[in-house]
Amino acid sequence: MKKIDVRILLLLAAMAFGFVACSDDDDDPDPTPTTSKVVTVEGDLTGTINWSADKQYLLKGFVYVTDGATLTIAPGTIIKGDKSSMGTLIVERGGKIIAEGTQTNPIVFTSNGPQGFRNRGDWGGIVLCGKAPVNNGDPQIEGGPRSHYGGTDAADNSGILKYVRIEFAGYPFQPDKEINGLTMAGVGSGTTIDYVQVSFSNDDAYEWFGGTVNAKHIIAQSALDDDFDSDNGWNGMVQFALSMRDRTVADVSGSSGFESDNDATGSDNAPQTSPIFSNVSIFGPLAKLTTSNVSGNYKNSMHLRRNTALKVYNSLFVGHPNGLLLDGSKAENNAKNGLLQIRNCILSGNKTFFSVSSSSTTMTSQEVADWFLTSEFANDTIVNNSSLGLNDPFTLTNPQLLPAAGSMLLEGGSFTNENLQNSFFSQVNFRGAFGTENWASGWTNFDPNNADYEAK
């Protein structure tokens, strides 16, 4: 019986081999064994590089898209960062990244951790270095990468980030020298930043170090430190920006929605930090003034300091311990002379609405309030968030982002200010990031810790 079984098995094997052989083209070589779907990426990338959605890519250490190189990433591709080496993707001056997903098939940069066990700081993040003007010479990027940034080409093009998610990134490689979720350093206006979600960053969600790059449809979710940080002479434009916060998690340095400086010392170096924001919704940790278990490290909706000349219009700032902090005489004087502007904006649900630094000799908190509420500026303060007509933007894993029918936010948008006379801005009727259309639909993920990112 054993002999019969062996013969039968041999016969069946031979028949199977013959079937497979006959089914192949006789001219084809023997098939190459299937390789792993996870590709490890390290060191310098040169020339033309293409990443496809049928593979996953694991960043180990500092991965550089070097001068003259172009990295193109197909829609739906998943890129992970190695934790032990703090995998980080750095696009150097002269390099380009073309990461253009779609609404239904976004590109995802995320943690290499297993489903349910991902956390802030699981990898380094994305750093773009360009040749646009900065106000601090020829600086090296914060946090340790070799790369320098800045130059004289305001229209420099570092590529495209569109329909892209960046999750669980950011790392303090050195004290006060961190890599953020998305760092843009000297990035020029030829670069496209549109439909980008940065979630669970271990430092700022977005930080701009000089440059002229613009951005639309950007989301900051549950960052550790600030949501939108601007420094070193950035002069770009942003429209439609959202931030949401985990009420229990904030940085010991003090977390704010906006933080903006001309530079670290508040110098008069040119170009002056003067970005233009419109249609921003900043949702802090306080859904209500009585919200409990809020980290004591939360500070301001806006912390404007060190000679910044930031400008913001048609925007909503909700639920921080303090609304607006004008910090230092230079920022205060910029507000008085119109270099720093806040127009047609709402502060809501703050425990205090206005403050100045303890060393201020230029303005009092009452004078900041009087300035903000100047009638021609069309700003307002709202005590209770319930008056805004929101649905529920505070439930982080399933936020209801559109204002309710009849909300005061659905009207009142104004684009008459001279700083908004640019074709970049869509002239909409609403204030805040959303009107009646949910531009975050389809490509975002507000619960990425539980997403299935395993290679199939």
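Each reported figure results from applying straightforward, stated rules to the coordinates on display, with no laboratory input. Owing to the predicted nature of the structure, the values given are computational and were not obtained by experimental measurement. For neighbour counting, all protein chains shown are included, and Cβ atoms are generated from backbone atoms with ideal geometry for every residue, glycine included.
Per-structure values
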quantity	calculated
Cβ charges +1 (Lys, Arg) and -1 (Asp, Glu), total dipole of the stretch 273-438, debye	420 debye
Assigned charges on the beta-carbon of Lys, Arg, Asp, Glu; the chain dipole about Cα centre (debye)	800 debye
Cα gyration tensor category, rounded, prolate or oblate, for the stretch 273-438 with a/c compared to 1.5	oblate
Reachable lysines, given that their alpha-carbon falls under 23 Å from the alpha-carbon of LYS55 and they are not under 8 places away in the same chain	LYS37, LYS80, LYS83, LYS96, LYS162, LYS456
Three-way shape label, the chain, alpha-carbon gyration tensor, a/c 1.5	prolate
Extension gain from ASP194 to THR46, taking 0.36 nm per residue of separation minus the Cα-Cα distance	50.7 nm
Additional length obtainable on full extension of the chain from THR374 to ILE98, 0.36 nm per residue less Cα span	94.9 nm
The stretch 365-408: relative contact order in percent, alpha carbon pairs under 8 Å with at least 6 residues between	27 percent
Over the chain: helical MRE at 222 nm, DSSP H runs n ≥ 4 each giving -39500 (n - 2.57), nearest 500	-2500 deg cm²/dmol
Rounded, prolate or oblate (a/c below 1.5 giving rounded, otherwise prolate when a/b exceeds b/c) for the stretch 35-224 by Cα gyration tensor	rounded
Potential lengthening between SER414 and PHE117 on full extension [0.36 nm per residue; Cα-Cα distance subtracted]	102.5 nm
Cβ-Cβ FRET estimate between GLN427 and SER295, R0 fixed at 51 Å, reported to 0.05	0.85
Cβ-placed point charges (K, R +1; D, E -1), dipole of the stretch 35-224 about Cα centre in debye, nearest 20	480 debye
Distance (nanometres) between label positions extended 7 Å along Cα→Cβ at THR352 and ALA264	2.9 nm
